[in-house]
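Before any comments, here is the structure.
The values are calculated or read from the model by the stated rules, or taken from the named source; none is laboratory data. A quick note: this is a predicted structure, and the numbers were derived from the prediction, not measured. With ligands, DNA and RNA removed, areas are computed over all heavy atoms of the protein, side chains included. Shrake-Rupley method; radii C 1.70, N 1.55, O 1.52, S 1.80 Å.
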Amino acid sequence: MNNRRLASRSHIFRIPYMTITRPLTLLACMTLPLLAQEPAPAEKPAEEAAAPMMDPAVVKKNVSYYFGYSTGIQFSRQTGGSVTAEDINTEEFMKAFMDAVQEKEQALSEEELKKTLEAFGKT
């Protein structure tokens, strides 16, 4: 195509400046105030708003039971039920458990543990 034909067709694509800018300006004027507003706070469900606070001592007691029970179930599954309550000294078990939770050094050496577990397996 020659330049003369392109120049003659270019008027087809010309859109008057005001034809585009006026609607865009109007749209911006209408939406900007909406965007500037802060969103309304979400309403809390009636159940959540009315939930009573639990006594911290009860929470500690109940969550302790939950962790103990959960740990016991896992322990029982890991050992296949071969270790029973009669096999465990509760005081030593809790001491060792708390040492582990508090990331303290274990009270028994690896050698002592190995010998003890070997003897336990023979009983």
> What number of residues within segment 74-89 satisfy the criterion of being open to solvent by less than 100 Å² (accessible area, probe 1.4 Å) and either assigned to a helix (DSSP H, G or I) or under 18 Å from S64 (Cα atoms) (or both)?
Replying inline: 5
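Can you tell me which residues in segment 90-123 are in a helix (DSSP H, G or I) and of a type in the set (D, E, K, R)?
So in segment 90-123, the residues in a helix (DSSP H, G or I) come out as 90-101, 110-122.
If the condition is that a residue be in a helix (DSSP H, G or I) and of a type in the set (D, E, K, R), then E91, E92, K95, D99, E110, E111, E112, K114, K115, E118, K122 are the ones that fit.
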